[in-house]
Amino acid sequence: MDHRCPLCRAEQKKQKFGQSLVARMNVECVHCGKLLRLNVHRMETVVVFLNFSAIVLLAILAYKIQSRELALAAVFVALAGSAALPLLERTYLRSWPRYVAAETLI
């Protein structure tokens, strides 16, 4: 994934501690100070949605039929989902720009 600023092309991986601690849709460029918007790919949204719905479905089924195996499967699905996004970023979304310039509201 391309983490550079679309305006000054400075690398954005080294963010301020406060920006990296709190996930926000708008961040400031560490070099030029301009406002940037997080550019979320549709595939990221689909992966998160499918993972969350699979976890919820398995958890409900595990609760209803009192199955430890299904509860364990829900935990493994959660682990697989947490590994899926970094893998997606390093393969499919390799050249996707993470940030775009935020439009000014006038």
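The values are calculated or read from the model by the stated rules, or taken from the named source; none is laboratory data. Note that the structure is a prediction, hence the values are computed from the model and not measured. Positions of Cβ are generated from backbone atoms using ideal geometry, with glycine treated the same way; all protein chains shown enter the neighbour counts.
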For residues that are in contact with a helix residue (DSSP H, G or I) (Cβ under 9 Å, 6 or more places away or on another chain) and either polar (S, T, N, Q) or modelled with pLDDT of 95 or more (or both), tally how many sit in region 81-93. 1
In region 29-48, the residues that are in a loop (DSSP other than H, G, I, E, B) and of a type in the set (S, T, N, Q): ASN39
Are any residues in region 49-68 surrounded by 12 or more Cβ atoms within 10 Å (Cβ to Cβ) and outside any helix (DSSP H, G or I), and if so, which ones? SER67
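Looking at region 69-95, which of its residues are over 13 Å from the mean Cα position of the chain (by Cα) and not in a helix (DSSP H, G or I)? Before you say what the answer is, go through the steps one by one.
In the first step, residues of region 69-95 are kept if they are over 13 Å from the mean Cα position of the chain (by Cα); the result is 69-80, 91-92, 94-95.
Within region 69-95, THR91, TYR92, ARG94, SER95 meet the criteria.
Please work out if VAL46 is modelled with pLDDT of 85 or more and either among the charged types (D, E, K, R) or surrounded by fewer than 15 Cβ atoms within 10 Å (Cβ to Cβ) (or both).
yes
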